[in-house]
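A short write-up of the structure that comes next.
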């Protein structure tokens, strides 16, 4: 990856719908060269997907919480992940080091809906402890980091 690839990634990070002609004009590269570089970035796996970022406040899902989960034993990890991955309101699940085993991010509509989701998580086999932090505001939200130059 060179500086032109990096510049292309910067443009796509800002707006994944930016067309190759506009990107080329911004970085002084032909449209065909931009298209070829994007194809190579996709083929390498560096670009894995294009998506839409939905404003959760506008969508009505404006309550975000992080729930730390401790399991009794690692034998429960696989089943826990499988069940969590099926839940629409759980948007992230990370296996972590430290006092807890997992941290999950929940985006939901209300305190009542969060309570229901939390009770569901607590009822899963192997869950021994949870700790919930409710997000009051967000000062930074990046969906990806660009690779180092």
Checklist outcome for this item: Counted neighbours (other Cβ, 10 Å), sorted fewest up, put 58, 106 in the order 58, 106
Checklist entry - In the Gaussian network model of the chain, springs joining C-alpha atoms below 10 Å, which of 126, 45, 60 carries the largest mean-square fluctuation? => result 45
Checklist entry - What's the exposure ranking of 148, 26, going from fewest to most Cβ atoms within 10 Å? => result 148, 26
Checklist entry - Taking the Cα-to-Cβ direction at residue 55 and at residue 97 and moving 7 Å from each Cα, how far apart do the two end points lie in nm? => result 4.0
Item to check | Choice from 32, 139, 68 showing the highest fluctuation, given a GNM over the chain with Cα pairs closer than 10 Å | outcome: 139
Checklist entry - Using only helices, what value at 222 nm comes out for the chain when you add -39,500 (n - 2.57) per DSSP H run of length 4 or more and divide by the total residues, to the nearest 500 deg cm²/dmol? => result -12000 deg cm²/dmol
Item to check | Between segment 116-145 and segment 49-115, the alpha-carbon center distance in angstrom | outcome: 5
Checklist entry - Just 91, 34, 134 to compare: in a GNM of the chain, with alpha carbon springs under 10 Å, which one fluctuates most? => result 34
Next on the checklist: In Å, what Kirkwood hydrodynamic radius results for segment 3-44 from the alpha-carbon pair distances?
Outcome noted: 9.9
Checklist entry - Quick one: 42, 78, fewest Cβ neighbours within 10 Å first, how do they rank? => result 78, 42
Item to check | Förster radius 41 Å - calculated FRET efficiency between residue 123 and residue 44, Cβ distance, rounded to 0.05 | outcome: 0.45
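Every read-out reported here was derived from the displayed coordinates using simple, explicitly stated rules and does not represent laboratory data. The model shown is predicted, which means the values in this text are computed figures rather than measured ones. Ideal geometry is used to build each Cβ from the backbone, glycine not excepted, and the neighbour counts take in all protein chains shown.
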